[in-house]
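The values are calculated or read from the model by the stated rules, or taken from the named source; none is laboratory data. Predicted model only: the values in this text are computed from it and were never measured. Cβ sites come from the backbone with ideal geometry, for glycine too, and all protein chains shown count toward neighbours. What goes into the accessible areas is simple: the full protein's heavy atoms, side chains included, and nothing from ligands, DNA or RNA. Shrake-Rupley method; radii C 1.70, N 1.55, O 1.52, S 1.80 Å.
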Amino acid sequence: MSNAIPEYVKNSGASIASKNVLERRAPLRWAFREEGVDAVDNGWRFLSAIDDDTYINDPANLTVVSFSTVVDIEPAVLPVLYLPVGTDLTIVRDENGRIELFDNATGAPADIPGA
């Protein structure tokens, strides 16, 4: 039996994610896109609900992972892959587990094509 993570989007590149997300200590809460630092970096950064400035300012708490790894943990981020650099989102779960993504610039639900 393989524990391999499927490639949800071919050639989707690498992202930086908090170890709190990757180790499932807290749910993914924030997603934002910066300019990638190289051809493999898609620019997406993923942080958990418990990450604070002290935590994320320690490089040991962040890891480069495939975009598919993040999608495997939180499928709601799959449609954000092609949103532009500068996108800044908050992932909100209601009491029924329904997930909605909000644009941090406007406070409104994010307009995500195909979602």
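Considering each residue of the stretch 83-115, count those that are free of Cβ contacts under 8 Å to residues at least 60 places away in the same chain, within 13 Å of residue 31 (Cβ to Cβ) and of a type in the set (Ser, Thr, Tyr), and give that number.
1
Taking only the stretch 81-102 into account, find how many residues are over 19 Å from residue 42 (Cα atoms), surrounded by fewer than 16 Cβ atoms within 10 Å (Cβ to Cβ) and hydrophobic (A, V, I, L, M, F, W, C).
Residues meeting the conditions: 3.
Taking only the stretch 1-30 into account, find how many residues are farther than 20 Å from residue 99 by Cα and in contact (Cβ under 8 Å) with a residue 60 or more places away in the chain.
The number of residues fulfilling the criteria is 5.
List the pairs whose first member sits in the stretch 50-68 and is touching a residue at least 12 places away in the same chain (Cβ under 8 Å) and assigned to a loop (DSSP other than H, G, I, E, B), whose second member is aromatic (Phe, Trp, Tyr) and surrounded by 16 or more Cβ atoms within 10 Å (Cβ to Cβ), and whose Cβ atoms are under 9 Å apart, counting only residues at least 6 apart or on separate chains?
These pairs meet every condition: 51/30.
Testing residue 70 on (1) under 18 Å from residue 109 (Cα atoms); (2) of a type outside the set (Gly, Ala, Ser); (3) surrounded by 11 or more Cβ atoms within 10 Å (Cβ to Cβ), one condition comes back false. Which one is that?
All conditions pass for residue 70, except number (1).
Taking the condition of being open to solvent by less than 50 Å² (accessible area, probe 1.4 Å) and over 18 Å from residue 86 (Cα atoms), how many residues in the stretch 1-50 meet it?
So the answer is 9.
What is the number of the single condition among (1) open to solvent by 30 Å² or more (accessible area, probe 1.4 Å); (2) touching a Phe, Trp or Tyr at 6+ places or on another chain (Cβ under 8 Å); (3) assigned to a loop (DSSP other than H, G, I, E, B) that residue 105 does not meet?
Here residue 105 clears every test but (2).
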